[in-house]
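Everything on this sheet refers to the single structure shown next.
The values are calculated or read from the model by the stated rules, or taken from the named source; none is laboratory data. A quick note: this is a predicted structure, and the numbers were derived from the prediction, not measured. Here the Cβ positions follow ideal geometry from the backbone for every residue, glycine too, while neighbour counts run over all protein chains shown. When the accessible area is computed, the model is the full protein with side chains, heavy atoms only, and any ligands, DNA or RNA have been set aside. Shrake-Rupley method; radii C 1.70, N 1.55, O 1.52, S 1.80 Å.
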Amino acid sequence: MNVHTPLILAEGVYKRFGRTEVLRGIDLAVAPGEVCCIIGPSGSGKSTLLRCVNHLEKIQAGRIWVDGQMVGYADHGDHLQELPDREVQRRRAQIGMVFQRFNLFPHMTALENVVEGPIGVSRRPRAEAEEHARWLLERVGLAEKANAYPRHLSGGQQQRVAIARALAMRPRAMLFDEPTSALDPELVGEVLTVMKALAAEGMTMMVVTHEVSFAREVADTVVFMDEGQIVEHGPARDVIIDPQSPRTREFLTRVS
Amino acid sequence: MPVRPLRRPWRWGAGAVIIVVAALLARSIATNPRFEWSVAWDYVFSRQLAEGALMTLQLTVICMVIGVALGITLAIMRQSDLWLVRRAADLYVWFFRGTPVLVQIIFWFNLAALYPVIAVGVPGLEPWVTLDANTIITPMAAALLALGLNEAAYMSEIVRAGLLSVDDGQREAAQSLGMSRARIMRRIVLPQAMRVIIPPTGNETIGMLKTTALVSVVAVADLLYVTQTIYSQTFQTIPLLIAASIWYITLTTILSIGQARLEKRYSRGAHEVDTTPWTHRVRISLARFHAPVPRRLS
Ligand SMILES: Nc1ncnc2c1ncn2[C@@H]1O[C@H](COP(=O)(O)OP(=O)(O)OP(=O)(O)O)[C@@H](O)[C@H]1O
Ligand SMILES: [Mg+2]
């Protein structure tokens with residue numbers, strides 16, 4: 001795979017829950033090392049799109065590829081074969097995900113949270129996994145909190161542990177679903193700083209966010225979604241500073 | 001300005017009434033010779049009762065192990081994607097909760113009447129093993145089956161409530177790490193569900209210890225059966241029942257202390273480390289023991 005083929009590719013992705021159409025034909029390409037921010041009003045399908053990329057949701061039509069591998073299916077030429085659970089899990093492990101409400105495991109310390117995946121899923125030796133985990137915790141600025149339980153950490157600290165937990169699987173790409181929306185304003189900065197560092201290192205990232213300034217500063221591309229469709233997609237500066245669609249313009253004036 | 005505390009004379013009145021009633025009761029119990037306390041006391045330390053108590057404890061432990069294991073299985077089945085699996089588990093719970101456990105004990109005991117021969121194998125082929133129901137369904141087996149299977153129905157409700165108490169975000173986060181369903185259940189969901197599961201399971205265990213007395217009807221040599229056997233010959237009914245009760249109450253007290261310990265352990269990450277002295281903790285668990293345990297019609 002060369003630099004020009006996308007790391008994440010969605011084609012005609014269609015998803016509905018019962019009778020509500022949530023994604024109505026999404027086409028999107030994210031190049032390796034690209035930071036793609038997704039903005040859009042509530043209910044427009046942003047979270048659902050991320051969940052589909054990680055196969056936490058099944059799609060009804062269209063295809064998604066990550067790193068050249070189709071998500072959830074194997075292409076057998078004349079038909080698509082649904083993948084067995086093990087294979088789905090193996091592929092999920094290659095994509096990191098960070099949630100709005102952190103979702104740290106409350107019965108485990110920060111360190112235990114971070115090593116759970118490497119030890120339990122990737123079968124790495126404990127010593128090696130812990131060393132890597134400590135290094136990751138240091139990178140997110142929480143080296144001294146390794147033995148703290150999530151409830152003793154602030155929201156910003158929890159989210160940074162959650163980022164370390166996702167990174168511990170050495171993912172090809174990271175998906176962030178409104179990582180700062182649940183945080184007190186003064187804690188947003190510390191999480192964004194970690195994400196900026198990650199972007200600077202060349203991590204491929206899809207970030208659903210309401211932080212327009214972050215999108216402007218860090219994103220390579222910005223996608224504006226509304227009612228299950230991509231309304232506008234382009235270089236970050238263009239979409240944010242000079243949006244073409246009136247819907248994008250209206251949304252941006254509302255959030256900023 | 002001086003503060004005059006509110007007078008609550010009725011509190012003193014209520015206290016006095018309780019003390020007087022308790023004193024009268026205590027005197028009557030201590031002085032009525034027909035309680036035969038010395039006889040009761042001797043039997044508490046008798047070999048027969050100790051063996052009966054051991055049997056009661058064994059039954060409790062084995063039945064709870066069956067109940068918990070099967071209860072977890074049923075609770076997981078009830079969350080299955082497959083309609084048939086869910087309904088099968090519902091049917092099980094409905095059936096075992098809907099029939100008295102005493103009836104179930106007698107039923108299993110008489111299973112041989114229904115199926116004199118139990119064959120294991122593939123339907124239509126020569127069976128691999130053929131068993132005589134009368135020899136394998138011993139009183140003990142009937143007791144374990146009835147109490148264990150019945151308990152599973154109740155435990156599945158408790159486990160289900162525990163599983164439902166775990167936030168969906170936990171499963172999602174675990175899935176996104178690539179964890180398998182079984183591992184998510186074992187490492188992420190069950191440990192968190194335990195905080196909800198443990199307290200009522202403790203109550204169930206204490207309830208089970210007492211419910212095992214029912215197996216005396218099929219002549220399993222539990223604490224009550226042993227007691228009955230003795231007093232049917234010596235006619236010292238009251239002192240023997242007192243001796244048995246002393247055993248029951250001692251065992252349930254020990255269980256409730258164990259319950260308090262387990263609860264603390266599974267609240268890891270949810271509470272500060274408990275620094276209360278152990279004497280206080282015993283008092284707390286005794287208080288819980290005295291609190292009414294919700295009874296069920298089993
Ligand atoms: N599991 C589900 N079952 C039914 N409907 C769902 C489910 N998940 C999402 N939806 C619906 O799909 C639509 C899109 O949801 P989604 O969470 O993707 O939106 P979003 O863009 O992330 O919004 P927000 O900014 O509020 O997070 C909503 O109308 C929502 O009600
Ligand atoms: Mg969302």
Segments classed as strands (runs of 3 or more DSSP E), wholly inside segment A:168-256, with at least 2 members that are within 23 Å of A:Arg139 (Cα to Cα): A:173-177, A:204-208
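Residues are listed down the side, and each one gets a yes or a no for (1) in a helix (DSSP H, G or I); (2) more than 20 Å from B:Ala53 (Cβ to Cβ); (3) of a type in the set (A, V, I, L, M, F, W, C):
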residue	(1), (2), (3)
B:Ile188	yes, yes, yes
B:Pro191	yes, yes, no
B:Asn203	yes, yes, no
B:Ile206	yes, no, yes
B:Ala213	yes, no, yes
B:Ala221	no, no, yes
Matching option when the condition is more than 14 Å from every other protein chain (Cβ to nearest Cβ), open to solvent by less than 50 Å² (accessible area, probe 1.4 Å) and more than 27 Å from A:Lys15 (Cβ to Cβ), among A:Gly62, A:Gly141: A:Gly141
Answer residue from segment A:106-126, given it is within 23 Å of A:Met203 (Cβ to Cβ) and assigned to a loop (DSSP other than H, G, I, E, B) and is nearest to the other protein chains (Cβ to nearest Cβ) among those: A:Val121
Test: B:Val217 is part of a helix (DSSP H, G or I) and either surrounded by fewer than 20 Cβ atoms within 10 Å (Cβ to Cβ) or of a type in the set (Gly, Ala, Ser) (or both): yes
Of all residues in segment B:81-125 being without any contact (Cβ under 8 Å) to a residue 60 or more places away in the chain and of a type in the set (Ser, Thr, Tyr), the one that is most open to solvent (accessible area, probe 1.4 Å): B:Tyr115
Lone unmet requirement of (1) more than 16 Å from ligand 1 (Cβ to nearest atom); (2) under 24 Å from A:Val231 (Cα atoms); (3) open to solvent by less than 10 Å² (accessible area, probe 1.4 Å); (4) out of contact with any Asp or Glu (no Cβ under 6 Å at 6 or more places or on another chain) for A:Val35: (4)
Filtered residue count, segment A:85-105, keeping only those that are more than 8 Å from every other protein chain (Cβ to nearest Cβ) and among the β-branched types (Val, Ile, Thr): 2
Segment B:32-65, residues that are in a loop (DSSP other than H, G, I, E, B), surrounded by fewer than 14 Cβ atoms within 10 Å (Cβ to Cβ) and polar (S, T, N, Q): B:Asn32
Only one of A:Arg160, A:Arg134 that is in contact with a helix residue (DSSP H, G or I) (Cβ under 7 Å, 6 or more places away or on another chain), open to solvent by 10 Å² or more (accessible area, probe 1.4 Å) and free of Cβ contacts under 8 Å to residues at least 24 places away in the same chain: A:Arg134
Of all residues making up segment B:164-180, the number that are assigned to a helix (DSSP H, G or I), facing chain A (nearest Cβ under 7 Å) and in contact with a helix residue (DSSP H, G or I) (Cβ under 7 Å, 6 or more places away or on another chain): 3
Residue list for segment A:1-15, filter: surrounded by fewer than 20 Cβ atoms within 10 Å (Cβ to Cβ) and within 15 Å of ligand 1 (Cβ to nearest atom): A:Tyr14
So A:Gly18, is it within 13 Å of ligand 2 (Cβ to nearest atom), surrounded by fewer than 20 Cβ atoms within 10 Å (Cβ to Cβ) and more than 14 Å from chain B (Cβ to nearest Cβ): no
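Would it be correct to say that B:Leu144 is in contact with a Cys (Cβ under 7 Å, 6 or more places away or on another chain) and touching a residue at least 24 places away in the same chain (Cβ under 8 Å)?
yes
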B:Ala161 being more than 14 Å from chain A (Cβ to nearest Cβ), without any contact (Cβ under 8 Å) to a residue 40 or more places away in the chain, closer than 26 Å to B:Phe96 by Cα and surrounded by fewer than 21 Cβ atoms within 10 Å (Cβ to Cβ): yes
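Taking A:Val88, is it open to solvent by less than 40 Å² (accessible area, probe 1.4 Å), on the phi < 0 side of the Ramachandran plot and touching a Leu at 6+ places or on another chain (Cβ under 8 Å)? Show your work before the answer.
Values: open to solvent by less than 40 Å² (accessible area, probe 1.4 Å): yes; on the phi < 0 side of the Ramachandran plot: yes; touching a Leu at 6+ places or on another chain (Cβ under 8 Å): no.
For A:Val88, the condition - open to solvent by less than 40 Å² (accessible area, probe 1.4 Å), on the phi < 0 side of the Ramachandran plot and touching a Leu at 6+ places or on another chain (Cβ under 8 Å) - is not met.
Would you mind finding the one in A:Asn103, A:Asn113 that is at negative phi and free of Cβ contacts under 8 Å to residues at least 60 places away in the same chain?
Numbers: A:Asn103 fails: at negative phi.
Exactly one residue qualifies, and that residue is A:Asn113.
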Matching residues, segment A:195-212, being open to solvent by less than 10 Å² (accessible area, probe 1.4 Å) and away from ligand 2 (no atom under 16 Å from the Cβ): A:Met195, A:Leu198, A:Thr204, A:Met205
Among the residues listed as A:Gln60, A:Gln100, A:Gln81, the single one being in contact with a strand residue (DSSP E or B) (Cβ under 7 Å, 6 or more places away or on another chain) and closer than 20 Å to B:Asp167 by Cβ: A:Gln100
